[in-house]
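Engineer: Here's a structure for you.
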Amino acid sequence: MEPAATRRNGVGGAGGGTAVTFRGVTRSYGGVRAVQGLDLDIAAGETVALLGRNGAGKSTTLNMLLGLQPPSTGTVRLFGGTPESAVRAGRVGAMLQDGKAVPRVTVRELITFVAATYPAPMDVTETLELAGLAEFAGRRVDRLSGGQAQRVRFAVALAGNPELLVLDEPTAALDVDARRTFWRAMRGYARRGNTLVFSTHYLEEADDHADRIVVIDGGRVVADGSSEALKRRTGGSLVSFDLRGAPSAPLPALPGVRAVEIRGDRALLRTADSDATVVALAGLDLVHGLQVTPASLEDTFLALTSGGTTGAATAEPAAGAAAESAATASAKETV
Ligand SMILES: Nc1ncnc2c1ncn2[C@@H]1O[C@H](COP(=O)(O)OP(=O)(O)OP(=O)(O)O)[C@@H](O)[C@H]1O
């Protein structure tokens with residue numbers, strides 16, 4: 001079957017323009033500023049993870065993207081128009097956090113019904129296969145396990161053959177096997193040139209499946225880039241060694257070192273330049289049990305997020321310097 005994006009307007013997914021634009025978007029609930037000045041462009045064909053702690057503003061962002069909530073200020077555009085018009089045209093599919101199963105109908109009946117409400121739906125059998133539901137097609141929706149029901153919600157999101165799929169914590173209820181199946185399906189969908197935007201708490205999911213990770217903290221974008229770029233920018237490497245009674249006071253001033261943590265007799269240094277750090281440690285005879293490992297995305301995430309909902313870093317596109325200094329400041333507290 002021909003990819004959705006190509007079929008609709010002759011524009012391929014990747015390189016086919018901008019799917020999502022946020023400009024100066026804020027959203028407040030009474031005194032709570034859930035989203036504070038969001039500027040974001042997502043190109044057609046990209047797979048983007050929104051990563052953030054509880055209450056960071058991910059769901060609010062996705063709800064505004066879908067037109068379910070208006071921004072307090074600023075604008076959200078999908079494919080150059082309003083979210084409502086993109087949704088009405090069947091260009092957007094969504095899987096939100098609390099979908100409910102419809103009783104008494106079979107999986108195939110439900111997906112057939114949903115598909116019929118769209119102008120250019122995906123073939124039902126294809127939808128069921130893509131969502132990993134072929135073997136459950138004849139099963140009643142209210143007699144499925146939690147993981148199988150999650151796949152039905154995924155199939156509902158796919159049924160209209162959308163160019164943009166928005167998924168809020170899509171694998172939260174899935175076991176390891178179901179998660180793997182889900183991501184296989186998702187990759188199949190992305191390969192057709194479609195755009196995926198998903199929120200997740202699972203760092204490894206963002207690392208494994210997103211082209212680009214947007215880290216949100218306190219309603220602001222504090223980092224935006226590929227997993228590798230994020231790790232490079234804030235993570236660097238971790239250097240650890242046995243202190244054997246040596247003083248730790250000189251360690252923060254060593255070349256490249258951004259953060260120091262002492263665990264018992266072991267020192268852990270986050271460094272932007274592991275070679276320079278190791279040479280300096282050798283000069284101090286601090287190389288007993290020396291280990292150098294690349295920083296994980298988790299290290300990077302901890303360094304980037306403040307641990308609260310009032311993060312003070314500046315959003316992209318000015319992210320570079322401001323986010324870097326915020327990241328460095330918090331990295332001083334957490335290796
Ligand atoms: N309807 C609402 N009324 C009041 N405050 C809200 C409402 N919805 C969200 N908030 C607040 O806005 C902030 C952002 O919430 P949001 O649900 O967007 O975060 P999130 O990153 O999706 O969190 P989680 O990972 O826990 O789902 C939080 O402080 C939350 O308490």
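Engineer: For residues that are away from the ligand (no atom under 16 Å from the Cβ), among the hydrophobic types (A, V, I, L, M, F, W, C) and assigned to a strand (DSSP E or B), tally how many sit in the stretch 189-214.
Structural biologist: Selection size over the stretch 189-214: 1.
Engineer: Thr171 passes all but one of (1) assigned to a loop (DSSP other than H, G, I, E, B); (2) more than 20 Å from Thr61 (Cα to Cα); (3) polar (S, T, N, Q); (4) out of contact with any Pro (no Cβ under 8 Å at 6 or more places or on another chain); which number fails?
Structural biologist: Among (1) assigned to a loop (DSSP other than H, G, I, E, B); (2) more than 20 Å from Thr61 (Cα to Cα); (3) polar (S, T, N, Q); (4) out of contact with any Pro (no Cβ under 8 Å at 6 or more places or on another chain), Thr171 violates only (2).
Engineer: Quick one: in the stretch 17-37, of everything that is near the ligand (Cβ under 10 Å from one of its atoms) and of a type in the set (A, V, I, L, M, F, W, C), which residue is surrounded by the most Cβ atoms within 10 Å (Cβ to Cβ)?
Structural biologist: This residue is Val35.
Engineer: Can you name the residue in the stretch 154-168 that is assigned to a helix (DSSP H, G or I) and modelled with pLDDT of 90 or more and is also farthest from Thr125 (Cα to Cα) among such residues?
Structural biologist: Among those that are assigned to a helix (DSSP H, G or I) and modelled with pLDDT of 90 or more, it is Ala157.
Engineer: Using the structure shown, decide if Leu62 is under 21 Å from Leu304 (Cβ atoms), in contact with a helix residue (DSSP H, G or I) (Cβ under 7 Å, 6 or more places away or on another chain) and either free of Cβ contacts under 8 Å to residues at least 24 places away in the same chain or near the ligand (Cβ under 9 Å from one of its atoms) (or both).
Structural biologist: no
Engineer: Evaluate the stretch 83-94: report whether one residue or more is in contact with a Gly (Cβ under 7 Å, 6 or more places away or on another chain), assigned by TED's automatic domain parsing to the domain that holds Gly193 and either within 14 Å of the ligand (Cβ to nearest atom) or part of a loop (DSSP other than H, G, I, E, B) (or both).
Structural biologist: Yes, that holds for at least one residue.
Engineer: Output the residues belonging to the stretch 95-123 that are modelled with pLDDT of 95 or more and in a loop (DSSP other than H, G, I, E, B).
Structural biologist: Asp123
Engineer: Okay, moving on. Check the stretch 36-57 and report whether any residue there is in a loop (DSSP other than H, G, I, E, B), over 20 Å from the mean Cα position of the chain (by Cα) and at pLDDT 90 or above.
Structural biologist: No, the stretch 36-57 contains no residue that is in a loop (DSSP other than H, G, I, E, B), over 20 Å from the mean Cα position of the chain (by Cα) and at pLDDT 90 or above.
The values are calculated or read from the model by the stated rules, or taken from the named source; none is laboratory data. It should be emphasised that the depicted structure is a prediction, and the values quoted were computed from it without experimental measurement. Counting neighbours? That spans all protein chains shown, and the Cβs are built from the backbone with ideal geometry, glycine included.
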